[in-house]
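Encoded as structure tokens, the structure appears first; notes follow it.
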Amino acid sequence: KQEVTQIPAALSVPEGENLVLNCSFTDSAIYNLQWFRQDPGKGLTSLLLIQSSQREQTSGRLNASLDKSSGRSTLYIAASQPGDSATYLCASLGGSTLGRLYFGRGTQLTVWP
Amino acid sequence: NAGVTQTPKFQVLKTGQSMTLQCAQDMNHEYMSWYRQDPGMGLRLIHYSVGAGITDQGEVPNGYNVSRSTTEDFPLRLLSAAPSQTSVYFCASSPRTGRETQYFGPGTRLLVL
């Protein structure tokens with residue numbers, strides 16, 4: 001069974017810092033990997049999707065990388081802002097169940113002014 | 001587009017009661033799914049559907065029923081609520097197979113007493 005781990009569980013940084021969130025997965029036979037953002041009491045918002053054949057994806061200040069062979073993905077956030085404060089979830093898609101996402105427990109990010 | 005909508009936002013049930021959590025999407029997506037989110041755990045797949053009339057079980061299907069009579073709607077039924085079903089429930093959809101970006105609803109918070 002796929003296990004997805006996110007480190008750290010929580011992170012608190014001052015505004016303006018560049019930061020890296022880590023995600024690891026045990027089964028490298030994934031179809032893709034997705035990063036989501038979840039605000040308190042809200043649903044999940046998709047940030048980036050990396051296909052298994054890709055190495056990275058970028059959207060604005062966000063950059064996600066994927067290394068299937070080592071079972072790792074990172075989400076890089078440049079020039080962090082207080083509005084980036086949220087929980088970030090990574091999820092791998094694969095296995096025999098169509099469309100099933102395996103989620104990590106998330107990294108709770110706080111960016112203070 | 002409203003995207004993925006869920007009702008109700010919050011519900012309190014007594015053990016043994018039944019209820020239906022509603023999910024609808026207006027993006028003409030074929031794939032829809034239900035997840036539950038519990039503290040300290042990643043989201044887990046309950047049921048999914050690859051199109052009208054087609055449903056299948058996910059990781060934690062016991063105690064839940066689904067049906068898909070239209071492309072737009074994918075209700076989740078709790079037959080006889082138990083305290084272990086206290087959770088936040090999220091509905092998600094994606095265009096075709098679930099292997100694309102998945103779009104999540106705002107969630108339904110359920111408390112079973």
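Overview of values
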| item | result |
| --- | --- |
| Odd one out for A:Y31, checked against (1) surrounded by 12 or more Cβ atoms within 10 Å (Cβ to Cβ); (2) within 14 Å of the chain's Cα centre (by Cα) | (2) |
| Every residue from the stretch B:72-99 that is over 12 Å from the mean Cα position of the chain (by Cα) and either assigned to a strand (DSSP E or B) or crowded, with 18+ Cβ neighbours inside 10 Å (or both) | B:A81, B:Q85, B:S94, B:G98 |
| Residue tally, condition of a type in the set (S, T, Y), in contact (Cβ under 8 Å) with a residue 60 or more places away in the chain and either touching a His at 6+ places or on another chain (Cβ under 7 Å) or open to solvent by 70 Å² or more (accessible area, probe 1.4 Å) (or both), over the stretch A:1-28 | 1 |
| The listed residue being part of a loop (DSSP other than H, G, I, E, B), farther than 23 Å from B:G98 by Cβ and either open to solvent by 30 Å² or more (accessible area, probe 1.4 Å) or at the interface with another protein chain (Cβ under 10 Å from one of its Cβ atoms) (or both), out of A:S65, A:S70 | A:S70 |
| The stretch B:16-25, residues that are of a type in the set (S, T, N, Q) and either under 14 Å from B:G51 (Cα atoms) or open to solvent by less than 20 Å² (accessible area, probe 1.4 Å) (or both) | B:Q25 |
| When residues of the stretch B:72-113 are limited to those that are within 11 Å of chain A (Cβ to nearest Cβ) and of a type in the set (A, V, I, L, M, F, W, C), the one nearest to A:G95 (Cα to Cα) | B:A92 |
| Residue in the stretch B:26-46 that is of a type in the set (S, T, N, Q), more than 10 Å from every other protein chain (Cβ to nearest Cβ), more than 27 Å from A:Y31 (Cβ to Cβ) and exposed (fewer than 14 other Cβ atoms within 10 Å of the Cβ) present | no |
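The values are calculated or read from the model by the stated rules, or taken from the named source; none is laboratory data. A quick note: this is a predicted structure, and the numbers were derived from the prediction, not measured. Backbone-built Cβ (ideal geometry, glycine too); neighbour counts: all protein chains shown. Heavy atoms of the whole protein, side chains included, go into the accessibility calculation; ligands, DNA and RNA do not. Shrake-Rupley method; radii C 1.70, N 1.55, O 1.52, S 1.80 Å.
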